[in-house]
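Below you'll find the structure, written out as structure tokens, and then a few comments.
The values are calculated or read from the model by the stated rules, or taken from the named source; none is laboratory data. Computed from a predicted structure; not experimentally measured. Note that we place each Cβ from the backbone using ideal geometry, even for glycine, and neighbour counts take in every protein chain shown.
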Amino acid sequence: MFDHSQVDADLLILGAGPAGLAAAQYGSRANLKVLAIEQMSPGGQALLIDKLENYPGDLNPRSGFDFAEDMRRQAENFGAKIIGDGVLSLEKTGSLFSAVLDSGRTLRAYAVILATGASHRSLGIPGEAEFAGRGVSYCASCDGPFFKGKKILVVGGGDAACDEARYLSLLTDKVILAHRRDAFRAQKGVAQRVLENPRIEVRFNTRPVEIRGDKQVTAVLLEDSAAKKQYEEPADAVFIFAGTVPQIGFIPAAWTQGAFTDKAGYIITDQRMESAIPGLFAAGDVRASPFRQVVVAAAEGAIAAHCAAEYIDSLKA
Ligand SMILES: Cc1cc2nc3c(=O)[nH]c(=O)nc-3n(C[C@H](O)[C@H](O)[C@H](O)COP(=O)(O)OP(=O)(O)OC[C@H]3O[C@@H](n4cnc5c(N)ncnc54)[C@H](O)[C@@H]3O)c2cc1C
């Protein structure tokens, strides 16, 4: 039924973070020819984790970097190939998917797993874009060491904001964590550690409205919604953790109608991780999910690869 010379792989995996690497490992172990496409370094957001202390079975926390490196090696040991390139567009013609890459190369496969994760959401306030890289950052482990002993404002109230505030408090005792609501969204244990940390001052009902400076950030205009006032807070850096957006810019607009994505743009799947497009699976942070963690991404990657193998078998039958 198929002209197999038309395909470059059985399974294309777009993105090689924890979800993509787990899928690559499981897909290869199921004897599929697997190509994973990654625009940066394999590992995704896990590369930013200072110490991964909540991965089940890993009693001695490793850096996210070491963890991701082992995932990559494990996937490659089972035969998966990781290609360093970006995905520009994706389409499906008949039963075949084709992905066009930044390099101009086109890759065809029977099934695709979307594992492109999510990227940080910006606040869109004055000064944010202007001072990006000059005091405004979205990654504490990347940029925190530049601000040792300095005054740092952290923005957000979820796991990432709390985790990163805690990491920054190892570098300075002048961390302010501003959250627009009156309680954290973070997991209880994570939030509690921040509330008990004497090096972090928590300000609820507080959001930044402007980032100010000259060559570097020098202050942030904050708004206290409870006291209904604005005031300028001196600060050397602002670390923003205001949620994430799914990375699906290369998906055809026609697919994003109807039941393909939720309101926030995350991919909706069934329990087999299959989307509304047959043969197109999604795993990890790009998927509509109540909990975005490494262990969840890895598990979803494994399910997606297993079910993609079943799908490919049924196509070939
Ligand atoms: C600072 C921080 C701390 C965290 N701490 C923890 C923690 O302690 N424990 C925990 O369990 N989780 C933690 N997380 C969350 C965890 O890292 C994520 O849930 C997990 O990495 C999601 O994996 P993923 O593979 O779905 O997506 P990602 O890790 O986002 O990987 C997606 C990959 O796809 C690639 N990609 C995107 N678009 C394209 C494209 N067009 N072409 C090619 N490649 C593309 C990206 O470059 C990226 O490498 C943390 C996250 C952050 C940011």
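Just checking, does region 153-163 include any residue being charged (D, E, K, R) and surrounded by 18 or more Cβ atoms within 10 Å (Cβ to Cβ)? Scanning region 153-163 turns up at least one residue that is charged (D, E, K, R) and surrounded by 18 or more Cβ atoms within 10 Å (Cβ to Cβ). With respect to the conditions (1) over 22 Å from Ala165 (Cα atoms); (2) at pLDDT 95 or above, Gly124 falls short on a single one, namely (1). Hey, does region 132-148 have a residue that's on the phi > 0 side of the Ramachandran plot, assigned to a loop (DSSP other than H, G, I, E, B) and more than 11 Å from the ligand (Cβ to nearest atom)? Scanning region 132-148, I find at least one residue that is on the phi > 0 side of the Ramachandran plot, assigned to a loop (DSSP other than H, G, I, E, B) and more than 11 Å from the ligand (Cβ to nearest atom), so the answer is yes.
Kindly provide the set of residues from region 96-131 that are among the basic types (Lys, Arg) and either surrounded by 22 or more Cβ atoms within 10 Å (Cβ to Cβ) or assigned to a loop (DSSP other than H, G, I, E, B) (or both), ordered by number. If you could, list the steps in order and put the result at the bottom.
Within region 96-131, the first condition is being among the basic types (Lys, Arg), and the residues that meet it are 105, 108, 121.
Listed by number, the residues that qualify are Arg105, Arg121.
Filtering region 96-123 to residues that are within 16 Å of the ligand (Cβ to nearest atom), over 30 Å from Gly158 (Cβ atoms) and touching a residue at least 12 places away in the same chain (Cβ under 8 Å) leaves Phe97, Ala99, Val100, Leu101, Asp102, Ser103, Arg105, Leu107, Ala109.
On the basis of being over 17 Å from the mean Cα position of the chain (by Cα), small (Gly, Ala, Ser) and within 24 Å of Gln45 (Cβ to Cβ), does Ala282 make the cut? In short, no. So Arg292 fits all but one of (1) touching a helix residue (DSSP H, G or I) at 6+ places or on another chain (Cβ under 7 Å); (2) surrounded by fewer than 24 Cβ atoms within 10 Å (Cβ to Cβ); (3) assigned to a helix (DSSP H, G or I); what number is the exception? Going through (1) touching a helix residue (DSSP H, G or I) at 6+ places or on another chain (Cβ under 7 Å); (2) surrounded by fewer than 24 Cβ atoms within 10 Å (Cβ to Cβ); (3) assigned to a helix (DSSP H, G or I) one by one, Arg292 breaks only (3). Just one of Arg287, Arg272 is within 11 Å of the ligand (Cβ to nearest atom) and either crowded, with 21+ Cβ neighbours inside 10 Å or in contact (Cβ under 8 Å) with a residue 12 or more places away in the chain (or both); which is it? Unique residue meeting the criteria: Arg287.
Among the conditions (1) under 21 Å from Pro42 (Cβ atoms); (2) buried (at least 21 other Cβ atoms within 10 Å of the Cβ), the only one that Thr261 does not satisfy is (1).
Annotation note: of Ala183, Ala178, the sole residue that is crowded, with 20+ Cβ neighbours inside 10 Å and either of a type in the set (Gly, Ala, Ser) or at pLDDT below 95 (or both) is Ala178.
Quick one: would you say Ser122 is hydroxyl-bearing (Ser, Thr, Tyr) and within 30 Å of Gly279 (Cβ to Cβ)? Explain how you work it out, then say what you get.
Numbers: hydroxyl-bearing (Ser, Thr, Tyr): yes; within 30 Å of Gly279 (Cβ to Cβ): no.
No, not satisfied.
Having 1 or more residues that are in contact with a Gly (Cβ under 9 Å, 6 or more places away or on another chain), away from the ligand (no atom under 12 Å from the Cβ) and modelled with pLDDT of 95 or more is the bar; report the strands (runs of 3 or more DSSP E) wholly within region 14-95 that clear it.
Working: elements: 34-38, 81-84, 87-93.
Here the list reads 34-38, 87-93.
Of all residues in region 162-221, those that are of a type in the set (Asp, Glu) and within 24 Å of the chain's Cα centre (by Cα) total 2.
The single condition among (1) over 20 Å from Thr218 (Cα atoms); (2) in contact (Cβ under 8 Å) with a residue 60 or more places away in the chain; (3) more than 9 Å from the ligand (Cβ to nearest atom); (4) not aliphatic (A, V, I, L, M) that Pro126 does not meet is (1). Scanning region 170-186 for residues that are polar (S, T, N, Q) and either closer than 29 Å to Thr116 by Cβ or within 14 Å of the ligand (Cβ to nearest atom) (or both) turns up nothing.
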